[in-house]
């Protein structure tokens, strides 16, 4: 294997595939990046037990030659050293591998040798043949993920809840995530006849939305029995699926609140942020909400340190002029940060019932948060 | 105590004095910021065992009223909560303290109560009466610190070496720092007749150069028996001095090198940076320098991982065309980063002799680095 490659395009590809590489893996081969070159260009692959990211660098880009191939081949190079060395090189890179898998990378008068590994030991990519295909605008998938993934559980005790449920039905995608104390739900119109429901690890989706190339392109999704695959021209991400049945969530959403109020999203977020300063002392970051006259009161206290309370204008109110509930302030913050609309509607069913938060004028997104005990 | 204060000016002052506050102190009173108000304005003080930072906010600034005083007084407020709360408040702050030291901070409809402490428990400021005075441009002091402080020891075994030696003689300030393996020295012309030598903790100077107000003003230095004091219009920093005699360093500087070369500073820095990637495996970050023909060769290797070598152009060479030395790559990087001149002169005395690095055309700064064993 021997080729000359433009530094910046290799560097960017390494940054992208490195997102899938962990130094903590029990398999030494997975601490490396698989680099292959053939007559079409260079392919880099990084992976861990959850995801695989594959990046293709073509010979030419925008009419400019990126790669000159002298001989084909492949090798696995330790990811950490490869990325550091390429970043610090001044110019085009001349890369070659000898029969002992020693990778020589040269740029001008700088020569480095890195001990690589045999690429035949690297796991094969999952095979897929175009089944379960949906084409969509990347930014739409990104929105859906950003509005839901944060709500998934961090606790491995119930693995299914550490994922995001994507449920495809004709022309509709519904995403949901819950840790059983809060739920985030988001709906998107799509053009597809696919009918299936899968659960994708939260971690995979968090890495997916770091691949900015996906956000700005039209992407192809493929749902196979074991994988969720996202593909653009130069990048492919494979995520394993979480096995098991996702809880039935449609039934959880309360249909009628006793008290409904409309608030300014950002003002409410800032108020909760301030209240959280004094809520950290509580196991559940208790922030208390109540209605006093025509206003919403937000309060929290930490006996040793102090307390905070503030009142905020309610834009409009419907139902009972009465409310007293304690919520986990971090859950409130997460939900509010996922809403880009200016106003929100909050529906309260009672002190021990979950609250429902919806953006005003956008019925495609909702957040449900269970109350916490305040004593 | 009761006053109304402009949010931004209080916030900036808190940020500055917080630099001296540590949450790890054994004295609870020092986790707080002392806040005093009188007819002249507000004074904030933060301190730890090394430094004290005092910040004054006048009633008026640039013709704009900053503070309205209702009643004088003082209190100590937990630094962490004070800074977070003030940062998150939307507007002017109304601050008052009751007889139980509960501090009420109100901004619009937001009211917070923080349990404060009695300000009489807060240690008094050191007293000084203008002795040992030098006036200088702040940026000059900053340059001197940035060129030397990094070289001080991090090891508390020899406390004197954890400080920077400032030696004042008529119209001259010489700063030096060493950890006994490397030495940084910097000279500045000043207008003063002071004759004294003090050792200031490296930590204090690192905090000092974070106070940007000092850099852009004319500052007053005061050297007392126990303190190094820096004062601008609104800010005063007190640092304790380290007791003991600083090693005599003038004799350490080699007078004649066997080989002297001139290099491009930035190119050499980048080469050392690359070599350090493979040097981390060694206890002393071994980077090897040698002369091959007309060029300088930089190399390092980590047996398990790989190796790197590069050659760089030598701008000019004087003396023996022969060199082979191993140095700690981190020490080289630190020294090179402290030099802003385009070219450096390196003088080598032999494989086991320290090397001398000086900026070309700037005899006011030098760095000495001892070699390491390469086996």
Can you say whether residue B:237 is touching a residue at least 40 places away in the same chain (Cβ under 8 Å), assigned by TED's automatic domain parsing to the domain that holds residue B:138 and in contact with a strand residue (DSSP E or B) (Cβ under 9 Å, 6 or more places away or on another chain), as far as the supplied structure shows? yes
Per the filter on the range A:128-145, residues in contact with a strand residue (DSSP E or B) (Cβ under 9 Å, 6 or more places away or on another chain) and closer than 25 Å to residue A:362 by Cβ are A:134, A:135, A:136, A:137, A:138, A:140, A:141, A:143, A:144, A:145
Look at residue A:17 and say whether it is within 14 Å of chain B (Cβ to nearest Cβ), crowded, with 16+ Cβ neighbours inside 10 Å and modelled with pLDDT of 95 or more. no
Which is in contact with a helix residue (DSSP H, G or I) (Cβ under 7 Å, 6 or more places away or on another chain) and closer than 23 Å to residue B:48 by Cα, of B:117, B:141? B:117
Could you check how many residues of the range A:331-357 are surrounded by fewer than 20 Cβ atoms within 10 Å (Cβ to Cβ), under 22 Å from residue A:153 (Cα atoms) and over 21 Å from the mean Cα position of the chain (by Cα)? 2
Being crowded, with 18+ Cβ neighbours inside 10 Å and either under 30 Å from residue B:297 (Cβ atoms) or within 14 Å of chain B (Cβ to nearest Cβ) (or both): is that true of residue A:41 here? no
Can you tell me which residue in the range B:59-80 is farthest from the chain's Cα centre (by Cα), limited to those that are more than 14 Å from chain A (Cβ to nearest Cβ) and surrounded by 14 or more Cβ atoms within 10 Å (Cβ to Cβ)? B:69
Selection within the range A:145-175 - assigned to a helix (DSSP H, G or I) and under 17 Å from residue A:368 (Cβ atoms): A:147, A:148, A:149, A:150, A:151, A:161
Since residue B:94 meets every condition but one in (1) buried (at least 22 other Cβ atoms within 10 Å of the Cβ); (2) under 14 Å from residue B:6 (Cβ atoms), which condition does it not meet? (1)
Given the options A:332, A:336, name the one that is within 13 Å of residue A:288 (Cα to Cα), in contact with a helix residue (DSSP H, G or I) (Cβ under 7 Å, 6 or more places away or on another chain) and not assigned by TED's automatic domain parsing to the domain that holds residue A:176. A:332
Among strands (runs of 3 or more DSSP E) entirely within the range B:31-71, at least 1 residues that are farther than 19 Å from residue B:125 by Cβ occur in B:67-71
Just to verify a result, which residue in the range B:244-265, among those that are in contact (Cβ under 8 Å) with a residue 40 or more places away in the chain and closer than 25 Å to residue B:202 by Cα, is surrounded by the most Cβ atoms within 10 Å (Cβ to Cβ)? B:246
Restricting attention to the range A:2-12, does a residue exist that is touching a strand residue (DSSP E or B) at 6+ places or on another chain (Cβ under 8 Å), under 14 Å from residue A:234 (Cα atoms) and surrounded by fewer than 22 Cβ atoms within 10 Å (Cβ to Cβ)? yes
Can you confirm whether residue B:36 is more than 12 Å from residue B:79 (Cα to Cα) and touching a residue at least 40 places away in the same chain (Cβ under 8 Å)? yes
Among (1) within 14 Å of chain B (Cβ to nearest Cβ); (2) surrounded by 19 or more Cβ atoms within 10 Å (Cβ to Cβ); (3) touching a residue at least 40 places away in the same chain (Cβ under 8 Å), which single condition is residue A:28 missing? (2)
Mind listing just one residue for me: the one in the range B:266-292 that is buried (at least 19 other Cβ atoms within 10 Å of the Cβ) and farther than 19 Å from residue B:306 by Cα and, of those, nearest to the chain's Cα centre (by Cα)? B:268
Which of the residues that make up the range A:317-330 are surrounded by fewer than 20 Cβ atoms within 10 Å (Cβ to Cβ) and at negative phi? A:317, A:318, A:320, A:321, A:322, A:324, A:330
If I filter the range A:293-316 down to residues being more than 10 Å from chain B (Cβ to nearest Cβ) and surrounded by fewer than 20 Cβ atoms within 10 Å (Cβ to Cβ), which single residue comes out as farthest from residue B:100 (Cα to Cα)? A:316
Counted residues, the range A:313-345 - those being touching a residue at least 40 places away in the same chain (Cβ under 8 Å) and within 25 Å of residue A:281 (Cβ to Cβ): 14
Tell me which residues, restricted to the range B:81-125, are at the interface with chain A (Cβ under 9 Å from one of its Cβ atoms) and part of a helix (DSSP H, G or I). B:81, B:84, B:85, B:88
For residue A:304, indicate whether it is over 23 Å from residue A:370 (Cβ atoms), modelled with pLDDT under 95 and either in the same structural domain as residue A:351 (by TED's automatic domain parsing) or in contact with a helix residue (DSSP H, G or I) (Cβ under 7 Å, 6 or more places away or on another chain) (or both). yes
Residues that are over 23 Å from residue A:294 (Cβ atoms) and away from every other protein chain (no Cβ under 11 Å), drawn from the range A:257-280: A:279
Give B:232, B:216, B:167, B:192 a once-over and let me know the one that is outside the structural domain of residue B:332 (by TED's automatic domain parsing) and out of contact with any strand residue (DSSP E or B) (no Cβ under 8 Å at 6 or more places or on another chain). B:216
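The values are calculated or read from the model by the stated rules, or taken from the named source; none is laboratory data. From a predicted model like this one, the values you see are computed outputs, not experimental measurements. Glycine gets a Cβ as well: all are built from the backbone with ideal geometry, and neighbour counts include every protein chain shown.
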